[in-house]
1. Out of the range A:80-99, which residues are within 9 Å of chain B (Cβ to nearest Cβ) and either in contact with a helix residue (DSSP H, G or I) (Cβ under 7 Å, 6 or more places away or on another chain) or crowded, with 21+ Cβ neighbours inside 10 Å (or both)?
2. Scanning for something at pLDDT 95 or above, surrounded by 16 or more Cβ atoms within 10 Å (Cβ to Cβ) and on the phi > 0 side of the Ramachandran plot, does the range B:135-157 turn up at least one residue?
3. Determine whether the range A:245-255 contains at least one residue that is in a helix (DSSP H, G or I), at pLDDT 95 or above and under 27 Å from residue A:95 (Cα atoms).
4. Do we have any residue at all in the range B:66-73 that's under 16 Å from residue B:269 (Cα atoms), touching a strand residue (DSSP E or B) at 6+ places or on another chain (Cβ under 9 Å) and more than 14 Å from chain A (Cβ to nearest Cβ)?
5. Evaluate the following for residue B:13: is it more than 14 Å from chain A (Cβ to nearest Cβ), touching a helix residue (DSSP H, G or I) at 6+ places or on another chain (Cβ under 8 Å) and assigned to a helix (DSSP H, G or I)?
6. With the structure loaded, tell me whether residue A:26 is in contact (Cβ under 8 Å) with a residue 12 or more places away in the chain, more than 10 Å from chain B (Cβ to nearest Cβ), surrounded by 23 or more Cβ atoms within 10 Å (Cβ to Cβ) and farther than 12 Å from residue A:273 by Cβ or whether it fails that test.
7. So which residues in the range A:326-338 are closer than 21 Å to residue A:63 by Cα and surrounded by fewer than 24 Cβ atoms within 10 Å (Cβ to Cβ), if there are any at all?
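The values are calculated or read from the model by the stated rules, or taken from the named source; none is laboratory data. Worth saying up front: this structure is predicted, and the values here are computed from it rather than measured. For neighbour counting, all protein chains shown are included, and Cβ atoms are generated from backbone atoms with ideal geometry for every residue, glycine included.
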């Protein structure tokens, strides 16, 4: 038995009798993380607008940082020589680093993939770089996160079948190379399932990676502009072939309604920039759905945006004042909205987990979805595709 | 004796034997403010990037808000119907509101002044507005600050003698009208001395306003692109004709070295956007002068920007990390730098006050100025003029 299973493992606590939902915990060197869990995104070693102290006050146990961004700025060697990522950003709780695969394939303006690795240009200054699976692990070992990810090739939603198959095969080979060279036993290494939106490929990918044996399994290549029904269907197809005793991580999903549905399909871990990004645009989560705080209807509203919410923003400020800050473009607005949305997601995850443990998850899910009005799906898809395109 | 002298007054505690420096306190309905004091600028009912909680942690007893900005957004009636400015922005300590005179004459793209008042266009949407001294007081009474300012006409640094004389005469008439219509005894009304950079006019203005009798006296129309030596000379010329028993407020001055020199010339109160604005540009105050945190020399510096500083930023983060946040344009950078600079200014004011009380102000001043390297004066003036021009 490897040390990783002791210091960095997953414990399944309870499964739902009606759905595939499960409550568990990730045991890591920087603390135990109750699951299901949502990871706020802190790509550049900062969850935008917030201090580590504020994240702790919200109750966030784990965040995500990104190897691609940190490699470009400030440089992996800088963080390593400053004592590692936890110390650098003054965050003492758990960190997961993504390998940078997705960012290379979505942000970098030019890239050339071979079996060996990928040559890409920086989206910041156009400089050329080369990364291999081995380097991705070496970088993540230097950063020192608790959970690290294999380097994957992430095809676009509308790529050809041939390209998707090739990316999957390469992801499998790279996962194996990552596993071979991974040397830090205090870090858990997760594999990433690819296979586009083809159930058969998803099955193959899940089975192949499971046969190699990883501490956890992520589902990559989804939430890239496909309809939500497809995201959930692919999640189902993949989870069916993943082991019960390992955590399952649906990458890039973070809207409240999607997380509730994905938990019902057996997902334990989520990450997404959505809750923090829409907060900065003035879209605030409530149990009735998203609210646009810029709406003039809030001009004189003395209540907070979500009465009863115990976040700093709602405890302290009226919706009217928050609207004023957004109207003026005041930076405090973005922070206050981020605090609120992350508190909402944190509360949602706690409710989900309690419901699973109490055996009431199905009714919680029905009640939540009956009240929470999601964004119109056609508008969502067109906005998402526009956003993805704007990053290329 | 008016109630204002009881609930909202100035108490002189100690004067320096070598200079005109004094320690005192402003007694207001929202607490007692030790002087000399610096007011962080929160024009739009928010000190940019900070929460009220953070300002309290820094030890800030009083902030400045602006009638011009709040009149345009969200509108005076909104704040009034929300229970006043303190409640609206969740700040329970002292507030001073500027009348908007300076903003109308520096920000509004078009204006037409008559003895009656001033017609101006909003810098936001070009809409036309009319303000009189009576309205300026009515608005400030509705906002409910502890200290309010008369409406003044603020000429540009390079206006003709005739224009400066006319602006001064009008400021005097308007001050009288403000005093007549001011009805809230719990608010202290301060007059504003004008007179450009002409000692004779400064004397006339100070004497005239003193003869009318106000709770405090501000020196307006300075720090508008003239050399620092001129600012200080005009401060001297004005203070000589202001009463000992009232607070003196030098508007728009906020660089550390200028405040030390102005205290030596008898000033009690300062406000300026400088400490917070330069913070957002990455210029951080240290006892040796300003530091540019974007400098590559900070890439690997594990110490905070000012070792020994007890602000949240210096207690928590390395200079290297702060540089990284600035390099990436991360919003947290602006907040952390603002916290540091306001903590520095707060500490400076405390040191000044202690030195005055201990009778060691002169040597403190010498020591401070020997260590603190100010920005090159020629560069400062050209940057200031460029900045003032960009706002027009």
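1. Of the residues in the range A:80-99, the ones within 9 Å of chain B (Cβ to nearest Cβ) are A:81-83, A:87-90.
Scanning the range A:80-99 gives A:82, A:88, A:89, A:90.
2. yes
3. Scanning the range A:245-255, I find no residue that is in a helix (DSSP H, G or I), at pLDDT 95 or above and under 27 Å from residue A:95 (Cα atoms), so the answer is no.
4. Quick first cut of the range B:66-73, residues under 16 Å from residue B:269 (Cα atoms) only: none.
Scanning the range B:66-73 turns up no residue that is under 16 Å from residue B:269 (Cα atoms), touching a strand residue (DSSP E or B) at 6+ places or on another chain (Cβ under 9 Å) and more than 14 Å from chain A (Cβ to nearest Cβ).
5. Details: more than 14 Å from chain A (Cβ to nearest Cβ): yes; touching a helix residue (DSSP H, G or I) at 6+ places or on another chain (Cβ under 8 Å): yes; assigned to a helix (DSSP H, G or I): no.
No, not satisfied.
6. yes
7. Listed by number, the list holds a single entry, A:334.
Listed here are the residues, each with its yes/no results for (1) surrounded by fewer than 22 Cβ atoms within 10 Å (Cβ to Cβ); (2) within 21 Å of residue B:49 (Cβ to Cβ).
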| site | (1), (2) |
| --- | --- |
| B:324 | no, yes |
| B:344 | no, yes |
| B:361 | no, no |
| B:386 | yes, no |
